[in-house]
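Novice: Here you go, one structure.
Just so it is clear, none of the values below were taken in a lab; they were calculated from the coordinates. Fair warning: this is a prediction, and the values are worked out from it, not measured in the lab. Positions of Cβ are backbone-derived with ideal geometry, glycine not excepted, and every protein chain shown enters the neighbour counts.
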Amino acid sequence: MWNDAKSVVLSLVSTWIAIVAVIAFAVWLPVAPKWFPYQESILFRTETLAIVLPSLYGCCAAALVALICLHGLLKSIQAGEIFTLANVRRLRTISWCSFAIAGILVATCIFRIWTPAMILIALAAGFFFLLMRVMKNIIDAARLIKDENDYTI
Amino acid sequence: MSIMINLDIMMAKRRVSAGDLAARIGITPVNLSVLKNNKAKAIRFSTLEALCRELDCQPGDILEFAPGAGK
């Protein structure tokens, strides 16, 4: 039977898969140009690699930090500690990581290196930044209410 | 917090133990300790009523406004 505990485990497993995927992507990046020998993608042309590789590595680093925070958040939910200051900090970190990804991709576009996928990911990351900020504010407000409630005798 | 709780004074006057008082007013000894040590953020009227009933006192005997205290 499906329950909350299994749902958290599924989220944890999904987070681990995402972490592995990001690491695999980072490992694959240096050999990526060999996969596109005819340089059909603007991302992996010889003249653009010097800009694309650092920006994609920057995105990978931000994504990894966000995923590790997400893992910590899920672990604390599993332990029944939801409205805590640590979780608020994790959500704040996730939101700023999303902002960093959006910012890095937009900065790359300034060099006229862009693909529709990059624009879409930047928009999604920017929207995710907003969502996470709101979530952080909600959890922080709930934490204060819980704190007050816990100390009302 | 400028509101002080003088519960320990009243408990000493009435010669009642913390565990006994907690049981009589229907809260846990831990919560009574929170109240006694001025760590509580709020007190329910029902708790205050029970305290006044069991300690045979007025709310003013338990609560005190002390400006600048606890800063």
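Novice: What Kirkwood Rh does the stretch A:4-150 have if only Cα atoms enter the pairwise 1/r average? Answer in Å. Intermediate results must be reported in sequence, preceding the final value.
Specialist: On the way: mean 1/r = 0.0592 Å⁻¹.
One decimal place: 16.9 Å for the Kirkwood radius.
Novice: Comparing A:PHE25, A:PHE129, A:PHE111, which has the greatest mean-square fluctuation in the GNM of chain A with Cα pairs linked when under 10 Å apart?
Specialist: A:PHE111
Novice: Rounded, prolate or oblate: which fits the stretch B:3-59, taking a ≥ b ≥ c as square roots of the Cα gyration tensor eigenvalues, rounded meaning a/c under 1.5, else prolate when a/b beats b/c?
Specialist: Rounded, because the longest to shortest axis ratio a/c is under 1.5.
Novice: Okay, moving on. Only helical DSSP H runs with n ≥ 4 go in: add -39500 (n - 2.57) per run for the protein assembly as shown, normalise by residue count and round the 222 nm mean residue ellipticity to 500 deg cm²/dmol.
Specialist: Helices in the protein assembly as shown give a 222 nm mean residue ellipticity of -23500 deg cm²/dmol.
Novice: Modelled label-to-label distance, B:PHE45 and A:GLU47, 7 Å Cα→beta-carbon offset: nm?
Specialist: With each label point 7 Å from Cα toward Cβ, the separation is 7.9 nm.
Novice: At a Cα cut-off below 18 Å, give the lysines reachable from B:LYS41, other chains included and same-chain residues fewer than 8 away excluded.
Specialist: Within reach: A:LYS146, B:LYS71.
Novice: State, as an integer percentage, the relative contact order of chain B based on alpha-carbon contacts under 8 Å between residues 6 or more apart.
Specialist: RCO, chain B: 59 percent.
Novice: Multiply the residue separation of A:ILE119 and A:ASN137 by 0.36 nm, subtract the distance between their alpha-carbon atoms, and state the gained length in nm to one decimal.
Specialist: Additional length available on full extension: 3.8 nm.
Novice: Only counting other Cβ atoms within 10 Å, I'd like A:PHE99, B:PHE65 sorted with the fewest neighbours first.
Specialist: Values: A:PHE99 18, B:PHE65 9.
Listing A:PHE99, B:PHE65 from fewest to most nearby Cβ atoms yields B:PHE65, A:PHE99.
Novice: Which angle between 0 and 90 degrees, to the nearest 10, do you get for helix A:49-78 versus the longest principal axis of chain A when only C-alpha atoms count?
Specialist: 20 degrees
Novice: Right, here's the next one. Sequence neighbours fewer than 8 away in the same chain don't count; with that in mind, list the lysines whose C-alpha is under 16 Å from B:LYS36.
Specialist: Hits, sequence-local ones excluded: B:LYS13.
Novice: Any chance you could check the Cα centroid distance between the stretch B:1-67 and the stretch A:95-128 for me, in angstrom?
Specialist: 57 Å
Novice: Related question: Nearest 0.05, what FRET efficiency do A:SER14 and A:PHE111 give at R0 = 22 Å with Cβ-Cβ as r?
Specialist: E between A:SER14 and A:PHE111, to the nearest 0.05, is 0.10.
Novice: When only Cα pairs under 8 Å and 6 or more residues apart are kept, what is the percent relative contact order across chain A?
Specialist: Values: 131 pairs, mean separation 37.4, N = 153.
Relative contact order of chain A: 24 percent.
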